[in-house]
Amino acid sequence: MYRRRLSIFVLSIAIVACKEKTTVASPLPTTPVKRGDIAVRVQATGTVEPINPVDIKSKASGQIIQMPVEVGSIVKRGELLAQIDPRDVKNQYDQAMADDLVSTASLEKAMRDRARKDSLFSAHVITASEHDSTRSSYSSAISDMINKRAALDLAKQRLEDATVEAPIGGTVVSRPITTGMLITSATSANGGTTLMTLADLGRVRMKVTIDEVEMANVRVGEPASVAVDAFPDRTFEGVLEKIEPQAVVTQGVTFFPVMVSISNKEGLLMPGMNGEVTIHAADLKNVLQIPIDAIRATNELAPVARMFGIPVDTITTQLRRDLVSGEGTTGIPGRYVIVELGPQRYEMRLVKTGPTDLRVIDIVDGLKEGDKVVMLGAILAKKPEVPPKLQIASNMKRGAPTKNQMEASALKTAPQPIQAGSVPARRKTEKP
């Protein structure tokens with residue numbers, strides 16, 4: 001009996017000891033800061049469309065009597081696209097020609113009358129009123145002739161436009177008109193019947209939308225590759241041609257339209273094809289990098305505060321005012337990491353970041369190779385029974401110089417401008 005009680009007592013002590021042992025804080029999951037390459041790519045989907053399509057219209061109206069091209073036809077500049085019945089426009093031209101001849105004869109008669117009246121007025125045969133009347137008739141004759149010449153020129157244009165020729169070389173993208181249909185003349189930019197649409201498909205483009213968070217990584221002139229559903233085993237080379245300055249908001253998310261032009265010498269890409277654009281934003285070689293899951297913005301403090309057993313307000317009051325929002329102000333969030341200093345000792349440190357490929361991110365300032373950073377996404381899975389110790393780095397503490405103050409100080413102490421042709425080295429501040 002005694003031995004049984006002794007065994008139970010020893011077992012109880014062992015269980016208590018195990019419980020006390022389990023209450024010791026376990027280390028947080030970390031990953032080392034290392035160097036490597038980062039291929040920054042920005043992807044978006046879009047539809048192939050022609051570059052600067054041309055709507056073909058005519059200043060002549062009438063019936064289409066000939067249309068030798070179809071949708072998909074490749075035409076050269078000056079090639080016949082359509083022939084409109086020329087009888088109506090020919091009659092209008094003949095009438096304008098006759099009106100011009102009459103106005104010319106009237107002007108000649110007014111010139112003779114003016115010369116005769118000038119002589120009579122000089123000889124004091126007619127009054128000044130009669131002389132002025134002759135000058136008025138002469139001016140009216142000039143005005144009438146100018147109007148008739150303008151009408152003749154327009155009639156000539158309509159007659160010429162009855163034969164519609166290709167203004168550019170390209171492909172017939174659409175043709176809503178067929179032979180025998182009646183069309184109206186294009187008297188204004190938005191008026192008239194569109195006969196067809198021409199486009200040079202030797203180079204096409206895709207209009208895609210890029211999320212605003214990716215806009216820092218894209219620049220005009222960057223190369224891009226395009227994959228379309230019609231050719232899954234092939235990519236087409238392109239270049240970022242234009243970034244539109246006006247944002248588009250879709251379901252609460254801000255996007256910016258981007259134009260990517262694509263070489264299409266083989267004519268494989270057709271308007272309307274769906275595809276994916278991959279913009280080659282940057283290729284960084286041998287740069288400091290950490291997983292993107294190890295970095296957070298300073299407006300995301302609640303999970304870290306809970307993990308280390310510190311109230312969010314306590315952390316906020318210790319940070320620089322420019323990193324957090326306060327009453328009446330809006331702080332610009334910074335990026336921070338949690339660095340392991342030693343057993344159960346960690347530091348919240350401000351870092352400056354560069355481009356990212358959505359897996360790892362370039363670290364420009366704040367860390368050095370070999371530092372161990374906490375995987376912040378992993379620590380949220382389970383809260384430790386004994387919170388580890390956390391301290392705030394000096395570059396984040398309240399009272400430390402803000403970013404604007406540091407930039408102003410750097411300008412005052414800046415060295416002389418570097419001579420043309422030299423490239424300044426990229427400087428990183430490594431924290432111990």
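Values quoted throughout were computed directly from the atomic coordinates according to the rules given, and no laboratory measurement underlies them. As the structure is a prediction and not an experimental result, all values here were calculated from the model. A quick note on method: Cβ atoms are made from the backbone with ideal geometry, for glycine too, and the neighbour counts reach across all protein chains shown.
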If you place +1 on the Cβ of every Lys and Arg, -1 on the Cβ of every Asp and Glu, and leave all else neutral, what size is the dipole of region 106-178 about its Cα centre, to the nearest 20 Debye? 100
Output wanted: per-residue J couplings in Hz (rounded whole) for region 290-301, from phi through Karplus 6.51 cos²θ - 1.76 cosθ + 1.60, θ = phi - 60°, x for Gly and Pro. 9, x, 5, 6, 9, 10, 9, 8, 5, 8, 10, 10
Determine the sum of side-chain charges near Ser73: Lys and Arg each +1, Asp and Glu each -1, restricted to other residues whose C-beta is under 10 angstrom from that of Ser73. -1
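List the trypsin sites (Lys or Arg not before Pro) in region 212-244 that DSSP assigns to loop (not H, G, I, E or B) and whose Cβ has at most 15 other Cβ atoms within 10 Å. Which are they?
Arg219, Arg234
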Considering the zone a paramagnetic label at Asn286 would reach in this model (a point 7 Å from Cα along the Cα-to-Cβ line), which residues of region 30-60 have amide N under 14 Å from it? 35-38
1/(1 + (r/R0)^6) with r = Cβ-Cβ of Glu79 and Glu160, R0 = 22 Å, i.e. FRET efficiency to nearest 0.05, evaluates to 0.90
Span from the region 236-308 Cα centroid across to the region 93-115 one, whole angstrom: 69
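State which entries of Lys34/Lys242; Lys59/Lys148; Lys242/Lys368 exceed 28 angstrom in Cα-Cα distance in the structure shown. Don't jump to the answer; show the numbers that get you there.
Working: Lys34/Lys242 36 Å; Lys59/Lys148 18 Å; Lys242/Lys368 37 Å.
Violating the 28 Å limit, Cα to Cα: Lys34/Lys242; Lys242/Lys368.
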Compute the FRET efficiency between Ile51 and Lys368 as 1/(1 + (r/R0)^6), taking r as their Cβ-Cβ distance and R0 = 35 Å, and round to the nearest 0.05. 0.10
Compute, for region 251-305, the length of the dipole vector about the Cα centre, with Cβ point charges of +1 (Lys, Arg) and -1 (Asp, Glu) only. Units Debye, rounded to 20. 100
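Can you give the local net charge around Thr134? Use residues other than it whose beta-carbon is closer than 13 angstrom to its beta-carbon, Lys and Arg +1, Asp and Glu -1. Walk me through the numbers on the way to the answer.
Values: positive: Lys109, Arg112, Arg114, Arg116, Lys117, Arg135; negative: Asp113, Asp118, Glu130, Asp132.
Combined, the nearby Lys, Arg, Asp and Glu give +2.
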Anchor Lys265: aspartates and glutamates whose Cα lies under 16 Å away (excluding residues fewer than 8 positions away in-chain): Glu49, Asp200, Glu237
Note the full-extension length gain between Arg112 and Thr194 as 0.36 nm times their separation in residues minus their Cα-Cα distance, in nm to one decimal. 24.6 nm
With θ set to phi - 60°, apply the Karplus curve 6.51 cos²θ - 1.76 cosθ + 1.60 along region 75-83 and write out the HN-Hα couplings as whole Hz, x wherever there is a Gly or Pro. 10, 9, 5, x, 6, 5, 9, 7, 10
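Taking K and R as +1 and D and E as -1, what net charge do the other residues with C-beta under 9 Å from the C-beta of Ser58 add up to? Walk me through the numbers on the way to the answer.
Details: positive: Lys57, Lys59, Arg158; negative: Asp161.
Combined, the nearby Lys, Arg, Asp and Glu give +2.
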Mind checking region 260-343 for GluC sites (Glu not before Pro) that DSSP puts in a loop (not H, G, I, E or B) and that have at most 15 other Cβ atoms within 10 Å? Glu266, Glu300, Glu327
